[in-house]
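Please read the structure below before turning to the comments.
The values are calculated or read from the model by the stated rules, or taken from the named source; none is laboratory data. A quick note: this is a predicted structure, and the numbers were derived from the prediction, not measured. FYI the Cβ positions are ideal-geometry reconstructions off the backbone, even for glycines, and counts take in every protein chain you see. With ligands, DNA and RNA removed, areas are computed over all heavy atoms of the protein, side chains included. Shrake-Rupley method; radii C 1.70, N 1.55, O 1.52, S 1.80 Å.
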Amino acid sequence: MRKIYKFKAWLKSRLIASYSATMTVVAVLIVVIMATCFTLFSPYFAKIQLSSKINNVSNDLIDNYSSTIGDYQSFIKSVVSNIDFDCGVNDKTYIEKKSYNNYYIRNIDIATNNKKYCSSFDGNRHEYESDSVFIKKINKNLSLWAILNDKNEQSILSLVWKDERGQVSIDFEPIISDVIRNKYCDDCILSVVSTVGNADKKISSHNDVKNLSSLPPLNTEVFNNGLILRNYVDPQLLSLISIDLKPLLFIVGVFFGLIIFLFINLYIKRQLSLHSLIVKGVIRKEFIPYYQPIINVKNNTMYGCEVLVRWWFNKKELISPDDFIPYAENSGLIIDITDVLLEKTLTQLSSLNWQKSTAVISINLVPEQLENKQQIRKFVDMIIKSSISPKQIAFEITERMSFTDLDKAAIVIDYLKAQGINVKLDDAGTGYGSFSYIQHLNLQSLKIDKMFVDTIGTYDHKLFVLDSIIAFGKKAGMEMIAEGVETKQQSDYLLQSGVYLQQGFYFSEPLKFEQFRHYFQRDQAKI
């Protein structure tokens, strides 16, 4: 596992290093583009901000009117019942008290039958002219939504009550209040109130000296009572708000740009991960076979060869199997690699007229593959379609990985034997219960691991294990192959012990196909 991590770090550094400068430029470009886009959209965000603020205030005031007034007919009757209509001390005191106790009431004006006017404590007095009143009839003595005051500052809501004693008018706080007045101007926002079906009759929050109503409204909102509120905004105000927002939007754009770059960078690194590189290697058929001869030292001829996988990365660099095989086995990608390897092996060795020899081709499998009959049938079909006889094929199953279902594996191995394909136990003595595997799976061939061969000529206690494996193989009548033979001493010891099929650097290193072609042809010339 440590080698895998080192390899991944090395591979990523090799692949990413050439892109580091590019990725830096990409990061800068993404950040600049996002920051610029957010800044360019500042007018849009200014509209959203101001529209949201106006809507919140409008909704709050409408809700407050509703909660304050409740049933407006009952509300105004309760007000009228406390008025004497003589503009006396009691009326004056009541008006002032009512104005104080209810913040949303700006004024209460009383017009008596004697044409006297009583107004709130602030001294304001409002006279109503027939052409300046927009009345929605409720009943014969109550009206709603009246324009009032002589300062061109109208109320969104006025309750007007009449009877034979006189008239009471209650003026409520305008919907556009000081809450949304801003530091730039007092008349930058025009709020126009109308009712459904009466668009020609309107109430404005101020005299439209700037002709804001000729512009498209910033927003339009329809309330449940049929009231329509349209807000018009001076473009200069939006421009000023937009300028104020640009620094913040620039920072937000930089932040989002960095997040986008991090996701892109993560995606690229994932694409450059060992897993994705192996997948791409399988698709591009970058995995190629190398062939290491297996020698019969009795007559110094080639018994066969073991097929070893190499990764010709990007067809430029050869990667050692130690750097990717462990991960490929653990992740299951070894199955796809074996498909590519077997296909290339059969094609290459068929071109050597391999079928005319008696040499055996050994190909490594993992236990998972021998538990999958469908996968093995696929391999058998590939072999049958080639010119090479199934009897010249042997699958080596490593003992370093365990079987999950020995019974299923035994069925698959019997199927292979019926096709003439031999199955050998590789790395014997190094892993999971080799002797139980031999018995349960009925294996007739084993390969002695290099770890034990290395003990020859030493005092290593594993030398006794080597002798035990050889003794077991002889007694069981098994074919034995020793791998990792590197010296004449090792070869001689094994031959004297009855192990005459040997493989290792003493005879030949793993050869790429062109080299192995010459080796095979020379060997065949001996026969």
| task | Could you please give the count of residues in the stretch 282-340 that are buried (at least 17 other Cβ atoms within 10 Å of the Cβ) and among the basic types (Lys, Arg)? | result | 1
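One residue is enough: does the stretch 259-271 have a residue meeting the conditions among the basic types (Lys, Arg), touching a Lys or Arg at 6+ places or on another chain (Cβ under 9 Å) and under 20 Å from GLN369 (Cα atoms)? Write out each step before concluding.
Initial filter on the stretch 259-271 (among the basic types (Lys, Arg)): 269-270.
Filter once more, so that each one left must be touching a Lys or Arg at 6+ places or on another chain (Cβ under 9 Å): 269.
Within this subset, residues satisfying the condition of being under 20 Å from GLN369 (Cα atoms) are none.
Within the stretch 259-271 (the criterion being among the basic types (Lys, Arg), touching a Lys or Arg at 6+ places or on another chain (Cβ under 9 Å) and under 20 Å from GLN369 (Cα atoms)), the answer is no, since none of the residues qualifies.
Yes or no, residue by residue, for (1) in contact with a His (Cβ under 8 Å, 6 or more places away or on another chain); (2) open to solvent by 50 Å² or more (accessible area, probe 1.4 Å); (3) more than 25 Å from ASN422 (Cα to Cα):
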site	(1), (2), (3)
ASP449	no, no, no
VAL453	no, no, no
LEU495	no, yes, no
GLY498	no, no, no
LEU501	no, no, no
HIS518	no, yes, yes
| request: Could you tell me which residue of the stretch 344-382 is nearest to ASN300 (Cα to Cα), considering only residues that are open to solvent by less than 50 Å² (accessible area, probe 1.4 Å) and of a type in the set (Gly, Ala, Ser)? | output: ALA359
| query | Which ranges mark the helices (runs of 4 or more DSSP H) fully within the stretch 234-338 that have 1 or more residues being among the acidic types (Asp, Glu) and out of contact with any Cys (no Cβ under 8 Å at 6 or more places or on another chain)? | reply | 235-271, 325-331
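VAL485: farther than 24 Å from LEU416 by Cα, out of contact with any Cys (no Cβ under 8 Å at 6 or more places or on another chain) and open to solvent by less than 50 Å² (accessible area, probe 1.4 Å), yes or no? Explain how you work it out, then say what you get.
On the way: farther than 24 Å from LEU416 by Cα: yes; out of contact with any Cys (no Cβ under 8 Å at 6 or more places or on another chain): yes; open to solvent by less than 50 Å² (accessible area, probe 1.4 Å): yes.
Against the criterion (farther than 24 Å from LEU416 by Cα, out of contact with any Cys (no Cβ under 8 Å at 6 or more places or on another chain) and open to solvent by less than 50 Å² (accessible area, probe 1.4 Å)), VAL485 qualifies.
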| query | Does at least one position in the stretch 298-314 carry a residue that is closer than 19 Å to HIS518 by Cβ and in contact with a Gly (Cβ under 8 Å, 6 or more places away or on another chain)? | reply | no
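Go through the stretch 344-363 and report how many residues are assigned to a loop (DSSP other than H, G, I, E, B), of a type outside the set (Gly, Ala, Ser) and in contact with a Phe, Trp or Tyr (Cβ under 8 Å, 6 or more places away or on another chain). If you could, list the steps in order and put the result at the bottom.
Within the stretch 344-363, the first condition is being assigned to a loop (DSSP other than H, G, I, E, B), and the residues that meet it are 351-353, 357-359.
Still in the running and of a type outside the set (Gly, Ala, Ser): 352-353, 358.
Those left that are additionally in contact with a Phe, Trp or Tyr (Cβ under 8 Å, 6 or more places away or on another chain): 352.
Residues in the stretch 344-363 being assigned to a loop (DSSP other than H, G, I, E, B), of a type outside the set (Gly, Ala, Ser) and in contact with a Phe, Trp or Tyr (Cβ under 8 Å, 6 or more places away or on another chain): 1 in total.
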| remark: Residues in the stretch 502-527 that are over 23 Å from LEU341 (Cα atoms) and assigned to a loop (DSSP other than H, G, I, E, B) total 3
